[in-house]
1. If a residue has to be within 16 Å of the ligand (Cβ to nearest atom) and either within 19 Å of ARG20 (Cβ to Cβ) or among the polar types (S, T, N, Q) (or both) to count, how many in the range 75-94 make the cut?
2. Suppose we keep only residues that are touching a residue at least 24 places away in the same chain (Cβ under 8 Å), out of contact with any helix residue (DSSP H, G or I) (no Cβ under 9 Å at 6 or more places or on another chain) and assigned to a loop (DSSP other than H, G, I, E, B) within the range 219-250. Which one would you say is surrounded by the most Cβ atoms within 10 Å (Cβ to Cβ)?
3. Hey, can you tell me all the residues within the range 257-290 that are within 30 Å of PRO219 (Cβ to Cβ) and touching a helix residue (DSSP H, G or I) at 6+ places or on another chain (Cβ under 9 Å)?
4. If we scan the range 116-123, do we find a residue that is within 14 Å of the ligand (Cβ to nearest atom), basic (Lys, Arg) and touching a Leu at 6+ places or on another chain (Cβ under 9 Å)?
5. Which count do you get for residues in the range 33-53 that are assigned to a strand (DSSP E or B) and away from the ligand (no atom under 13 Å from the Cβ)?
6. Mind checking which residues of the range 284-308 are more than 8 Å from the ligand (Cβ to nearest atom), closer than 21 Å to THR165 by Cβ and touching a residue at least 12 places away in the same chain (Cβ under 8 Å)?
7. Cβ contacts < 7 Å: first residue on the phi > 0 side of the Ramachandran plot, restricted to the range 130-159; second residue part of a loop (DSSP other than H, G, I, E, B) and surrounded by fewer than 24 Cβ atoms within 10 Å (Cβ to Cβ), any location; separation 6+ or different chain. Result?
8. Output the number of the condition that ARG216 fails; it satisfies all remaining conditions of (1) of a type in the set (Lys, Arg); (2) touching a strand residue (DSSP E or B) at 6+ places or on another chain (Cβ under 7 Å); (3) assigned to a helix (DSSP H, G or I).
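The values are calculated or read from the model by the stated rules, or taken from the named source; none is laboratory data. In this text the structure is predicted, and so the values were computed from the model without any measurement. Backbone-built Cβ (ideal geometry, glycine too); neighbour counts: all protein chains shown.
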Amino acid sequence: MNSVSVAVIGAGLAGLACARRLSIDGCRPVVFERQRAPGGRLATRSFEGATFDHGAQYLTVRDSAFREMIAAAAASGTAARWQPDWPGGEQEHAELWVGTPTMNALPRFLARDLDIEYATRVTRLARARGGWTVIDDKGAGVTDFGFVALALPAPEAAALAAMHTPLAERVGAIPMAPCWAVMVGFEGPVQRIADAGFTDDAVLPWIARNGSKPGRHAPDTWVLHASADFSRREFDAPPARVQTKLLERFAGRFGQRLPRILLADSHRWRHARVETPLGEPFLIDPAAGIGFCGDWCLDARGEAAFLSGSSLGAAIGAQLSQIQRSGASGKMRGER
Ligand SMILES: Cc1cc2nc3c(=O)[nH]c(=O)nc-3n(C[C@H](O)[C@H](O)[C@H](O)COP(=O)(O)OP(=O)(O)OC[C@H]3O[C@@H](n4cnc5c(N)ncnc54)[C@H](O)[C@@H]3O)c2cc1C
């Protein structure tokens, strides 16, 4: 058992899994999260009475530890199977899980009992002999962390760690693609099309009838995701222009006039999906007292983020136990 305090930066799936694992191992994780709620890219936006999962669309499950977590969330009512009408879709060979009643219910479930400082954007890390200090954008610092776990998209993690470990260079070289997401609610149903679909469309590769997910109350709501190429090209475009382009594409793809739009919004994900993952579950620099986790280590999927975070948590726990054991035996030797 060790009681060292660990700063976990980021409360997405990776950071939450890392913090839960550290708690199990007897460490004291404190999570710092820029937003006012957990989840990161497992996100939900609510407006005008409707909700939209504008980040991750669903979770697929391959690993037994992830399955166990999803089963616990399902038992608590915060996750359920999504069974869209999706001819030829992935549901034929995989089960699709979503948070209920909204995607971000799942990270909220994982965040229970954790010590999380919300609305705290970490801008700097400082290391002194006593340990790490985590400094936020208001200049406030929290000190005395024995280890720091960076659970952020790779480019953001690299920027924070640049002064502290040579690993930052490897992390900074991991490419992550942006994604424009458009959320739209129609007056009536969009007829004769499936609830979800991937295509090789150069602009609009993914559409989903958000309202077909379990527990959603606005049936005629859709989420449209733009391709990485389009999102890169139009990264600085005004949101209204992006909405227009994606809606034109949506209508064109099905050769029909869309029902009247009642509500629409958009979101620009700067680091949506890893393009070439690291290929290792996490990175750790024990001498510097810093580790990295996130989906970008393994795959552009929520499950990968969870597994990466859990394994980094276990590695930090093991590292700290070892330090404590050698410290204790050193003291005993000194006492003799
Ligand atoms: C458009 C889109 C569609 C996707 N579709 C799917 C899908 O269908 N299925 C699937 O499995 N996966 C999908 N994904 C990928 C999935 O969302 C991610 O793999 C997963 O959520 C990543 O989790 P993470 O914890 O690694 O990172 P994140 O979720 O990005 O978490 C990082 C957290 O760190 C916080 N943060 C950032 N900077 C700071 C800072 N300086 N200080 C404090 N906090 C900070 C952020 O606010 C965030 O909460 C999709 C992603 C996107 C964007």
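1. Matching residues across the range 75-94 total 4.
2. SER227
3. The initial filter retains those residues of the range 257-290 that are within 30 Å of PRO219 (Cβ to Cβ), namely 257-269, 272-273.
The answer is ARG257, LEU258, ILE261, ALA264, ASP265, SER266, HIS267, ARG268, TRP269, ALA272, ARG273.
4. No, the range 116-123 has no match at all.
5. 4
6. ILE284, ASP285, PRO286, ALA288, GLY289, ILE290, GLY291, PHE292, CYS297, LEU298
7. Taking only residues 6 or more apart or on different chains, the pairs are GLY131/GLY146; ASP144/GLY130.
8. (3)
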